[in-house]
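Enquirer: Provided herewith is a single structure, encoded as structure tokens, for subsequent inquiry.
The values are calculated or read from the model by the stated rules, or taken from the named source; none is laboratory data. Given the structure is predicted, the values throughout are model-derived calculations rather than measurements. Virtual Cβ from ideal backbone geometry, glycine too; neighbours counted across all protein chains shown.
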Amino acid sequence: MIPRHMETAHVPVLLVEAVSYLNCRPDGIYVDATVGSGGHAFKILNDYPAVKLLIAIDWDTDALERARRRLTHFSEKLFLVQDNFVSLRSIAGKLNIQKVDGILLDLGVSSQQLEDPGRGFSFKHQGPLDMRMSNALPITAYDLVNKSREADLKHIFHTYGEERWASRIARTIIARRKKAPVADTVTLSNLVTASIPPRYRSKTIHPATRTFQALRIAVNHELDNLRQVIAEGVDLLAAGGRLCIISFHSLEDRIVKQEFIRLSRGRAHGENAPTAKTPEAPAIRIITRKPLAPQQDELHHNPRARSAKLRVAERL
Ligand SMILES: C[S@@+](CC[C@H](N)C(=O)[O-])C[C@H]1O[C@@H](n2cnc3c(N)ncnc32)[C@H](O)[C@@H]1O
């Protein structure tokens with residue numbers, strides 16, 4: 001963990017839009033399933049003092065500690081939980097809560113996680129290849145990079161990074177492993193860069209961006225978690241309650257878009273019996289036909305927001 005005075009502050013993305021789409025009402029119960037440093041949670045509790053309870057979840061113990069410090073003023077309306085957000089319903093169940101009035105998900109990693117060299121999320125800082133959001137997760141990026149078969153590495157880079165040089169990167173890593181393990185972020189970043197012919201390297205993004213994204217998604221099972229939390233979240237919402245999701249790359253946004261469409265249609269007459277995954281009647285109404293993106297003004301102050309998209313659905 002970086003000492004507190006050296007931490008980069010995390011600037012919440014689409015703050016005004018996401019919180020206003022939650023439609024907070026007096027006495028309502030809300031969930032911030034990715035509380036991080038508490039930027040969105042602070043705005044909810046500050047702007048809507050009549051809210052009854054905010055359940056704030058994060059997988060990362062350091063993040064939860066930051067949220068606890070930031071939100072001390074609201075402690076009697078706040079329930080902080082260190083857990084994977086896929087456990088949303090059981091977390092609410094333990095509090096004897098059957099339904100909630102709104103859920104916010106601000107996906108991905110925070111600036112503090114990215115900037116902490118010890119976490120290994122960024123190719124910009126020398127650090128161990130870890131990338132776990134929770135230290136309860138059994139497999140690190142080091143394990144994937146140094147123990148996976150070539151075909152599996154290629155699959156990870158191709159599927160989760162949409163990296164067109166996936167084969168070459170996997171081959172380079174396997175060749176290097178024969179001499180010594182790939183132990184740190186900068187070594188991996190250099191291997192990836194060397195695998196991409198100079199004339200094909202992007203001028204706008206670092207050559208290792210997609211590979212690092214792919215490993216992070218694989219280590220944390222991010223796409224499976226996202227599919228699961230949408231289903232769990234929709235089940236937990238009371239009628240009229242909203243699910244607001246901020247995503248940061250096309251793989252996430254595609255899942256949110258497709259799951260929202262599926263849940264807004266329900267199962268057509270004559271199809272197989274309804275399951276929890278596809279309910280018979282439409283479960284939600286899509287509020288944002290097109291995703292919301294940050295305005296120029298926000299992008300000017302926070303370049304990290306450039307790929308953010310907000311989609312909102314309402315429980316029927
Ligand atoms: C972009 S940050 C959220 C920032 C927050 N909205 C704020 O304003 O400070 C995303 C957070 O989600 C957490 N996270 C990611 N996947 C998670 C999961 N499956 N379960 C719980 N927390 C998760 C990360 O640890 C990180 O702290």
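Enquirer: Kindly evaluate Thr204 against the criterion of being surrounded by 15 or more Cβ atoms within 10 Å (Cβ to Cβ) and more than 16 Å from the ligand (Cβ to nearest atom).
Expert: Details: surrounded by 15 or more Cβ atoms within 10 Å (Cβ to Cβ): no; more than 16 Å from the ligand (Cβ to nearest atom): yes.
In short, no.
Enquirer: So is Ser111 near the ligand (Cβ under 10 Å from one of its atoms), in contact with a His (Cβ under 8 Å, 6 or more places away or on another chain) and either within 20 Å of Ala313 (Cβ to Cβ) or at pLDDT 95 or above (or both) or not?
Expert: On the way: near the ligand (Cβ under 10 Å from one of its atoms): yes; in contact with a His (Cβ under 8 Å, 6 or more places away or on another chain): yes; either within 20 Å of Ala313 (Cβ to Cβ) or at pLDDT 95 or above (or both): no.
Judged against the criteria, Ser111 is not a match.
Enquirer: So, one more: Identify, by number, the condition in (1) within 18 Å of Arg89 (Cα to Cα); (2) more than 10 Å from the ligand (Cβ to nearest atom) that Tyr48 doesn't meet.
Expert: For Tyr48, the failing item is (1).
Enquirer: Output the number of residues of the stretch 149-169 satisfying the condition of being more than 24 Å from the chain's Cα centre (by Cα) and either part of a loop (DSSP other than H, G, I, E, B) or loosely packed, with under 14 Cβ neighbours inside 10 Å (or both).
Expert: Taking the stretch 149-169 as the starting set, the residues that turn out to be more than 24 Å from the chain's Cα centre (by Cα) are 149-151, 165, 167-169.
Those left that are additionally either part of a loop (DSSP other than H, G, I, E, B) or loosely packed, with under 14 Cβ neighbours inside 10 Å (or both): 149, 151, 165.
Going through the stretch 149-169 one residue at a time, the tally reaches 3.
Enquirer: Can you name the condition, by its number, that Arg119 falls short on among (1) closer than 30 Å to Thr193 by Cβ; (2) buried (at least 16 other Cβ atoms within 10 Å of the Cβ); (3) in contact (Cβ under 8 Å) with a residue 60 or more places away in the chain; (4) within 14 Å of the ligand (Cβ to nearest atom)?
Expert: (3)
Enquirer: If you don't mind, another one. Taking Lys43 and the conditions (1) surrounded by fewer than 21 Cβ atoms within 10 Å (Cβ to Cβ); (2) at pLDDT below 95; (3) near the ligand (Cβ under 10 Å from one of its atoms), which numbered condition does it fall short on, given that it satisfies the others?
Expert: If we test Lys43 against (1) surrounded by fewer than 21 Cβ atoms within 10 Å (Cβ to Cβ); (2) at pLDDT below 95; (3) near the ligand (Cβ under 10 Å from one of its atoms), just (2) comes out false.
Enquirer: Does Ala180 meet the test of being among the hydrophobic types (A, V, I, L, M, F, W, C) and farther than 24 Å from Gln113 by Cα?
Expert: Details: among the hydrophobic types (A, V, I, L, M, F, W, C): yes; farther than 24 Å from Gln113 by Cα: yes.
Considered against the rule, which asks whether it is among the hydrophobic types (A, V, I, L, M, F, W, C) and farther than 24 Å from Gln113 by Cα, Ala180 comes out as yes.
Enquirer: Among the numbered conditions (1) crowded, with 18+ Cβ neighbours inside 10 Å; (2) touching a residue at least 40 places away in the same chain (Cβ under 8 Å); (3) more than 9 Å from the ligand (Cβ to nearest atom), tell me where Leu95 comes up short.
Expert: Condition not satisfied by Leu95: (1).
Enquirer: Taking interchain pairs and intrachain pairs at least six residues apart, which have beta carbon atoms under 7 angstrom, with the first residue in the stretch 48-65 and hydroxyl-bearing (Ser, Thr, Tyr) and the second more than 10 Å from the ligand (Cβ to nearest atom)?
Expert: Every condition considered, the pairs that remain are Tyr48/Cys24.
Enquirer: Counting only residues that are out of contact with any helix residue (DSSP H, G or I) (no Cβ under 7 Å at 6 or more places or on another chain) and part of a helix (DSSP H, G or I), which one in the stretch 283-316 is modelled with the lowest pLDDT?
Expert: Ranking the candidates gives Pro303 first.
Enquirer: Hey, another quick one. From the residues in the stretch 207-225 that are touching a residue at least 24 places away in the same chain (Cβ under 8 Å) and over 16 Å from Thr193 (Cα atoms), which one is nearest to the ligand (Cβ to nearest atom)? Give the steps one after another, and end with the answer.
Expert: The first filter runs over the stretch 207-225 and keeps only residues touching a residue at least 24 places away in the same chain (Cβ under 8 Å), leaving 208-220, 222-223, 225.
Add one more test, that the residue is over 16 Å from Thr193 (Cα atoms), and what stays is 216-220, 222-223, 225.
Values: Arg216: 10, Ile217: 10, Ala218: 13, Val219: 11, Asn220: 6, Glu222: 7, Leu223: 11, Asn225: 4 Å.
So the residue we want is Asn225.
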